[in-house]
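**Student:** Structure below; questions to follow.
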Amino acid sequence: MEGLDLKQMSAMVDIIAEEKGLPRETVLGVIEQAIAAAWRKDNGDKDMNVRAVLNTNTGEADVYIAREVIEDEIAYNPSTEIPLKEAGKGAKIGDIIEEKQKITSFGRVAAQTAKQVVIQRLREAENDAVLAEYEDKIGTIITGVITRVEPKIVRIDLGRANGIMPRSEQIDGEYYSVGSRIKVYIKNIEKNDRGAQLILSRGSAEFIECLFRQEVPEIDSGTVEIKGIAREAGRRTKIAVTSTVPGIDPVGTFVGGRGVRVGAVMNEIGDKEKIDVITWSDNPSEYIREALSPAEINKVEIDGKKAKVLVSEEMQSIAIGKQGQNVRLASKLTGYDIDIELVKTVKKKKKGNVEDSLLSALEETSEDPEEE
């Protein structure tokens, strides 16, 4: 068989499977896809639904061309359709009929096509197998090495696999250099027509949660919990925490002695990003007050999922935050649409009126005739 030795390919199935760490069935399937592609190149067209079966014992292969049985007497697309009268006994409209053909030879171009398909599909299969190992690691932090920095993505070598960190998952203002070791959060495995891709993150709220889990063992023991995180990566994060044990200060537990725990998290994400650790409450008014810290709140009025927050004039800018950041993160954290308004001040009566009345009474008493 010119340009393509099926017996040699049959013998290579087990060797390739062992070298690539792939199941034998996967490698055999790849080779059969290559044989089908080569046959289609020589004998058919790209629309044909062709599958190949390779006998690894004899080194022989057959192809099966699938066509749908149609009612018309003439098939307008003979590559994929066959008229009912030609389909054979027992065939019904809508059935899929397979025609078997023995492979006798391949041309040089078809053989080259088969080799390209084998290389490409094996690479894809190997990549998918490696990524499958990381499915159990989704939602965890892993250390990798930056291999390439592009305008929209950063490519990172994780050892057994490579991943990408899109621009949306990066920390704003963070500098990435090739060769640097970096901690990343495994967010997802994205699958498309070109294969699977490991999506990594440093800018997500989940990355912050994992970092705190590494620093606060009381989370795993169930003593304290993270109830919510709102983050603008590179700028500010608000994290709401609570305690399940009476007497335990949840905020102090997360901050740590002399701020060592929250400091460790900030060292990882950069000191430009501030972290507010607040106490969660099931009372919406109290929760909103905490979320808007460090601002001091006069009053919170709840209406559905909207909250009107009244603050003094000196607290207004603090409650809103730079470019609206504080109130924006508080809204995201609590789930309420927060509107900051100035509290109305009420003018007080002058104390002098009361004092004058008191002095007058005293004067009248001092002028009492009985004292003379």
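Since every read-out is calculated from the coordinates, none of them should be taken as a lab result. Please read these numbers as outputs of a predicted model, since none were measured by experiment. Here the Cβ is made from the backbone with ideal geometry for all residues, glycine too, and neighbour counts use every protein chain on show.
**Student:** Below 8 Å between Cα atoms, with a sequence gap of 6+, how large is the relative contact order for region 136-201 in percent?
**Tutor:** 37 percent
**Student:** With +1 on the Cβ of every Lys and Arg and -1 on the Cβ of every Asp and Glu, and nothing else charged, how large is the dipole of region 216-280 about its Cα centre, in debye rounded to the nearest 20?
**Tutor:** Here the size comes out at about 260 debye.
**Student:** What FRET efficiency would be calculated for the residue pair residue 149, residue 89, taking the C-beta separation as r and a Förster radius of 41 Å, to the nearest 0.05?
**Tutor:** Efficiency, from the Cβ-Cβ distance: 0.05.
**Student:** Once every DSSP H run of n ≥ 4 in the chain is given -39500 (n - 2.57) and the sum is divided by its residues, what mean residue ellipticity at 222 nm do you get, rounded to the nearest 500 deg cm²/dmol?
**Tutor:** Mean residue ellipticity at 222 nm (helix-derived): -11000 deg cm²/dmol.
**Student:** Please report the equivalent ellipsoid semi-axes of the chain, computed as sqrt(5 x eigenvalue) of the Cα gyration tensor, largest first, in whole Å.
**Tutor:** 75, 26, 17
**Student:** Compute the long axis of helix 351-366 from its Cα atoms, compare it with the longest principal axis of the Cα atoms of the chain, and write down the angle in degrees, 0 to 90, nearest 10.
**Tutor:** Helix 351-366 sits roughly 20 degrees off the main axis of the chain.
**Student:** Which residue fluctuates most in the GNM of the chain (Cα springs below 10 Å): 285, 168, 221?
**Tutor:** Looking only at 285, 168, 221, the biggest GNM fluctuation is shown by 221.
**Student:** May I ask you to compute the full-extension gain from residue 174 to residue 73, defined as 0.36 nm times their residue separation minus their alpha-carbon distance, rounded to one decimal in nm?
**Tutor:** The residue 174-residue 73 span can extend by a further 29.6 nm.
**Student:** Binning every alpha carbon pair distance of region 191-254 at 10 Å from zero, what are the percents per bin?
**Tutor:** 19, 41, 23, 12, 4, 1
**Student:** Also, I was wondering about something else. Using every pair of alpha-carbon atoms in region 136-201, split the distances into 10 Å bins beginning at 0 and state the percent of pairs per bin, rounded to integers.
**Tutor:** Reading the bins upward from 0: 22, 60, 18, 1.
**Student:** If you don't mind, another one. Would you mind checking the tilt of helix 108-133 against the longest principal axis of the Cα atoms of the chain, expressed as 0 to 90 degrees and rounded to 10?
**Tutor:** Helix 108-133 and the main axis of the chain meet at about 30 degrees.
**Student:** Oh, and also: Within region 5-102, list the chymotrypsin sites (Phe, Trp or Tyr not before Pro) lying in a DSSP loop whose Cβ has at most 11 other Cβ atoms in a 10 Å radius.
**Tutor:** Sites meeting the loop and neighbour criteria: 76.
**Student:** Further, regarding this structure: Quick check on packing: order 183-191, 251-259 by the mean number of other C-beta atoms within 10 Å, highest mean leading.
**Tutor:** 183-191, 251-259
**Student:** Now for a different question. To the nearest 20 debye, what charge dipole does the chain have about its Cα centre, counting +1 at the Cβ of each Lys and Arg and -1 at the Cβ of each Asp and Glu?
**Tutor:** Dipole about the Cα centre, nearest 20: 1860 debye.
**Student:** May I ask for the angle, rounded to the nearest 10°, between helix 24-43 and the longest principal axis of the chain, with both axes built from Cα atoms and the value confined to 0 to 90°?
**Tutor:** 60 degrees
**Student:** From a point 7 Å beyond the Cα of residue 8 in the direction of its Cβ, which residues of region 87-131 have a backbone N at a distance under 14 Å?
**Tutor:** Under 14 Å, as judged by backbone N against the label point of residue 8, lie 106, 108, 111-112, 114-116 of region 87-131.
**Student:** Compute the signed sum of charges (Lys and Arg +1, Asp and Glu -1) over the other residues within less than 11 Å, Cβ to Cβ, of residue 59.
**Tutor:** Here the count lands on -1.
**Student:** Okay, next question. With springs only between Cα atoms under 10 Å, which of 286, 124, 81 fluctuates most in a Gaussian network model of the chain?
**Tutor:** It is 81.
**Student:** Tell me, what is a quarter of the convex hull surface for the C-alpha atoms of region 216-280, in nm² with one decimal?
**Tutor:** 4.2 nm²
**Student:** Here's another thing I want to ask about it. Per residue, how much space in cubic angstrom lies within the convex hull of the C-alpha atoms of region 6-133?
**Tutor:** Residue-normalised Cα hull volume stands at 132 Å³.
**Student:** Same structure, new question: Can you pick out the pairs among 7/102; 152/305; 322/344; 272/305; 115/137; 227/305 whose Cα atoms lie more than 26 Å from each other?
**Tutor:** Over 26 Å apart, Cα to Cα: 152/305; 272/305; 115/137.
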